[in-house]
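Visitor: Can you keep this structure in mind? I'll have questions shortly.
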Amino acid sequence: MFASIGVYPKLSCGLLSACMKDSQELEISTDSLEAVTSVNRFVDELLGVGNNAQVILKAVEADPACAIANAQVAAFYLFFGKSEALTLATPYLEAAKENLAQANEREKLFVSAIEAWANRDLQQAIAFHEIIGDRYPRDLASVHICQYHQRNIGNSQGLLQIAEKVFSANQENPYMYGILAFGLEECHHLAEAEAAARKAVEMKRHNPWAHHAVAHVLETQGRLEEGIAWMESFADTWENTNLAFYTHLWWHTALYHLDADNFHQVVEIYDQHIWGRGEKDSAREQINAISLLLRLELRGVDVGSRWQEIAAYLYPRLHEHAIAFLDLQYIYALVRAGKDDWATQMLESIQDYATRALPYTRKTWQEVALPAAKGMIAHAQGDWQMAIAQLEPVLPELYSTGGSHAQRDLFEQVYLDALIHASKYHKAVNILEKRHAARNNIPLIQRQLANAYTQLKASTSS
Ligand SMILES: [Fe+2]
């Protein structure tokens, strides 16, 4: 939207250096119209989760001294989720820092935020994005990145607060409503989230971030038929969506089918739209695939050789430790693929990383991610007692490893499965009753609950 119609360059907005304004009236320190046009397109791609975010490279080609364009290229690579992301981002981050002298305050804050991200200090990065939000609320690219970090450190309130902070300055922007909706959803304000996301889609139909926010609401509320209809009605707009996010949208669609016991459709979606549709070395594609395979297996579906196909791409992840939530799933896939030696290497690497992670995240790695990783390995190996022992104490803390509610529900499902296998029916019933109260129309939960009560009755009468 903004890329094509919203370039309003204004020269000389500062006294000492050339600058122009982007489509949001934010000053950019450059005298290159082409650089500004590319920045506008990049922001549009970012907020629209498009597949052409690499357009930001053109901004740097047009003006190699533009600090914020360089920082945005670095952000583009860091977002990418490839194992070599940092290597690709670093030269652009360095170029951004070398050109700070002619940058304005917002640009300096943005460069600092991206540098903190590259250093894995998400807390620091968020602090810079919060200042940008206070002083330059029209900078929605900054808000988008801030929300990404908030999600990765498990701060739902932060997700919502940054959206609310900038809302009044962006009420004409359809992307704003999707940003707000996801924050509302993660804070369990489901009705408001759905209303905001539907408003976003009314304003702009091709708005996958808003499609996604509604998908979360419908999943949480067990509105399966509505969910399938909603997602399928917008699937035609996803062809130009970022491939990793494309797989995530289909992952959400598959969840409704999974909950409805339509396993054939789930496998079909997996094969057609998830694994191999995008880039197999993308972290997000890998996670969508792993998460779906695991959920299928928890329902007794034979997934064939699909674990092995993923595992071949996981070797570069063994020592990465970007986000704990991701590691817990990588390590599970390694075991299920028969790569126990890689899983052992990864566990040792997590153990080592947990001692040297940044202070704000060390507790999560040491006290949550490490036992959870042991629990996931144990479940993948069929060691139910060990899985229960490792997962049970950390379940309430798993939010701090990152991911959304819908994604992290996987860990409760794994724990529940271990309880059932280990005939711990009292504990299983406690969880199942809560799951049933939240969504009373899910056949699997109904079957598991009925079976658990039958088993309990049998054990007390014998
Ligand atoms: Fe999602």
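Visitor: Which of the residues spanning the stretch 289-344 are small (Gly, Ala, Ser) and open to solvent by less than 10 Å² (accessible area, probe 1.4 Å)?
Guide: Result: Ala289, Ser291, Ala311, Ala324, Ala333, Ala343.
Visitor: Sticking with this one: Considering only residues that are surrounded by fewer than 23 Cβ atoms within 10 Å (Cβ to Cβ) and within 24 Å of the chain's Cα centre (by Cα), look in the stretch 370-391 and name the one that is nearest to Tyr425 (Cα to Cα).
Guide: Result: Ala380.
Visitor: Could we say that Leu326 is in the same structural domain as Val368 (by the TED database), over 18 Å from Ala373 (Cα atoms) and at pLDDT 95 or above here? It would help to see each step written out before you state the result.
Guide: Details: in the same structural domain as Val368 (by the TED database): yes; over 18 Å from Ala373 (Cα atoms): no; at pLDDT 95 or above: yes.
In short, no.
Visitor: While we're looking at this one, here's another question. Could you say whether any residue in the stretch 395-416 is within 21 Å of Asp261 (Cα to Cα) and more than 28 Å from the chain's Cα centre (by Cα)?
Guide: There is no residue in the stretch 395-416 that is within 21 Å of Asp261 (Cα to Cα) and more than 28 Å from the chain's Cα centre (by Cα).
Visitor: Let me ask you something else. If you go through the stretch 367-382 one residue at a time, do you hit one that is of a type in the set (Lys, Arg), more than 16 Å from the ligand (Cβ to nearest atom) and at pLDDT 95 or above?
Guide: Yes, because at least one residue in the stretch 367-382 is of a type in the set (Lys, Arg), more than 16 Å from the ligand (Cβ to nearest atom) and at pLDDT 95 or above.
Visitor: Considering only residues that are over 10 Å from Val429 (Cα atoms) and open to solvent by 80 Å² or more (accessible area, probe 1.4 Å), look in the stretch 447-462 and name the one that is modelled with the lowest pLDDT.
Guide: Out of the qualifying residues, it is Ser462.
Visitor: Continuing with this model, one more query. Of the conditions (1) at pLDDT 95 or above; (2) crowded, with 24+ Cβ neighbours inside 10 Å; (3) touching a Phe, Trp or Tyr at 6+ places or on another chain (Cβ under 9 Å), Glu285 fails just one. Which one is it?
Guide: (1)
Visitor: Of all residues in the stretch 197-219, which are in contact (Cβ under 8 Å) with a residue 60 or more places away in the chain, more than 11 Å from the ligand (Cβ to nearest atom) and open to solvent by 10 Å² or more (accessible area, probe 1.4 Å)?
Guide: Of everything in the stretch 197-219, those that are in contact (Cβ under 8 Å) with a residue 60 or more places away in the chain, more than 11 Å from the ligand (Cβ to nearest atom) and open to solvent by 10 Å² or more (accessible area, probe 1.4 Å) turn out to be Lys204, His206.
Visitor: Tell me which residues, restricted to the stretch 352-391, are touching an Asp or Glu at 6+ places or on another chain (Cβ under 6 Å) and either hydroxyl-bearing (Ser, Thr, Tyr) or not in a helix (DSSP H, G or I) (or both). It would help to see each step written out before you state the result.
Guide: To start, the set of residues in the stretch 352-391 that are touching an Asp or Glu at 6+ places or on another chain (Cβ under 6 Å) comprises 358, 368.
Result: Leu358, single match.
Visitor: Restricting the stretch 392-422 to residues that are within 16 Å of the ligand (Cβ to nearest atom) and not in a helix (DSSP H, G or I), which is surrounded by the most Cβ atoms within 10 Å (Cβ to Cβ)?
Guide: Filtering first and then ranking leaves Gly402.
Visitor: Still on this structure, I have one more. Looking at Thr237, Thr247, which is the one that is within 16 Å of the ligand (Cβ to nearest atom) and either assigned by the TED database to the domain that holds Gln150 or among the hydroxyl-bearing types (Ser, Thr, Tyr) (or both)?
Guide: Just a single option satisfies the conditions, and that option is Thr247.
Visitor: Out of the stretch 329-342, which residues are part of a loop (DSSP other than H, G, I, E, B) and either in contact with a Leu (Cβ under 9 Å, 6 or more places away or on another chain) or of a type in the set (Asp, Glu) (or both)?
Guide: Listed by number, the residues that qualify are Ala337, Lys339.
The values are calculated or read from the model by the stated rules, or taken from the named source; none is laboratory data. Note that the structure is predicted; figures quoted are calculated from it, not measured. Every residue, glycine among them, receives a Cβ derived from its backbone with ideal geometry; neighbour counts consider all protein chains shown. Only protein heavy atoms, including side chains, enter the accessible area calculation; ligands, DNA and RNA are left aside. Shrake-Rupley method; radii C 1.70, N 1.55, O 1.52, S 1.80 Å.
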